[in-house]
Amino acid sequence: MKNLLILILFLAGCAGSPLAISMKTAEQIKSVPDEQLCDAYASVKSEKIKTELINRNLFTEDEWRAIEIHNFFVGMSKKALFAARPNLYLTGASKVGNYGLCEIYSEFATSVNIYIYVRGDKVVGYQLY
């Protein structure tokens, strides 16, 4: 009984997690914000989530190709980046060379160290370190 209670509390605390989102009905998924839905798709690759992303018409064909292979490119939208890369986190914001003030994203739990620079809604550059 105690373990069941712990599991219920744990799952309730993770209601916005990618796994929890993938378990929602198609109707419930419609109310999930774009960035959270993109992040969930990067982690889970659920067909229900993909269908909703297609219905929202958020990505170009080139972005979809990159998303499906967990890749990104300069010019890609921030939302597409979130859908493509499951381990992103916001490192900070800084003026970066010719790019100007950028959000800087990095990845955790990967073998490659990378900074991805986003200005406004677009990937403007990246750096391996």
Worksheet item: Given a Förster radius of 35 Å and the C-beta distance between residue 47 and residue 104 as r, what FRET efficiency does 1/(1 + (r/R0)^6) yield to the nearest 0.05?
Response: 0.60
Discussion item. Is the C-alpha gyration tensor of the stretch 67-128 telling us rounded, prolate or oblate? Criteria: a/c under 1.5 is rounded; beyond that, a/b larger than b/c is prolate, otherwise oblate.
Written reply: oblate
Item to complete: Return, for the Cα atoms of the stretch 17-70, the radius of gyration and Dmax in Å, separated by a comma.
Response: 10.3, 28
Worksheet item: Any idea what angle helix 47-56 forms with the longest principal axis of the chain, computed on alpha-carbon atoms, 0 to 90 degrees, nearest 10?
Response: 50
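To the nearest 0.05, how large is the calculated FRET efficiency for residue 62 and residue 27 if R₀ is 30 Å and r is the Cβ-Cβ distance?
On the way: r = 30 Å, r/R0 = 1.00.
For residue 62 and residue 27, the calculated efficiency is 0.50.
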Worksheet item: Between residue 71 and residue 36, what FRET efficiency follows from the Cβ-Cβ distance if R0 is 25 Å, with the result rounded to 0.05?
Response: 0.70
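What part of the accessible area of the chain, given as a whole %, is carbon or sulfur when the probe is 1.4 angstrom? Before the final figure, lay out the partial values.
Working: 4540 of 7830 Å².
Reported share for carbon and sulfur atoms: 58 percent.
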Worksheet, complete the sentence: For the chain, using Cα atoms only, the Rg and Dmax in Å read 16.3, 59
Practice prompt. Can you tell me the relative contact order of the chain? Whole percent, Cα pairs under 8 Å, sequence separation 6 or more.
Written response: 17
Fill in: In degrees, nearest ten, helix 2-13 long axis to first principal axis of the chain (Cα)
40
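Greater than 32 Å separation of Cα atoms is the criterion. Which listed pairs, 50/95; 48/122; 45/122; 50/122; 30/122, meet it? Could you put the intermediate results ahead of the total?
Working: 50/95 34 Å; 48/122 26 Å; 45/122 22 Å; 50/122 21 Å; 30/122 24 Å.
Result: 50/95 exceed 32 Å.
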Discussion item. For the chain, take the longest principal axis of its alpha carbons; what is the angle in degrees between that and the long axis of helix 34-44, to the nearest 10 within 0 to 90?
Written reply: 80
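Would you mind getting the accessible area per residue of the stretch 79-129, heavy atoms of the protein chains only, 1.4 Å probe, in Å²?
Working: 2870 Å² over 51 residues.
Computed with neighbouring chains in place, this is 56 Å² per residue.
The values are calculated or read from the model by the stated rules, or taken from the named source; none is laboratory data. Keep in mind the model is a prediction, meaning the values are calculated, not measured. Note that each Cβ is placed from the backbone with ideal geometry, even for glycine, and that neighbours are counted across all protein chains shown. The protein model used for the area step is the full one, side chains on, heavy atoms only, and it has no ligands, DNA or RNA in it. Shrake-Rupley method; radii C 1.70, N 1.55, O 1.52, S 1.80 Å.
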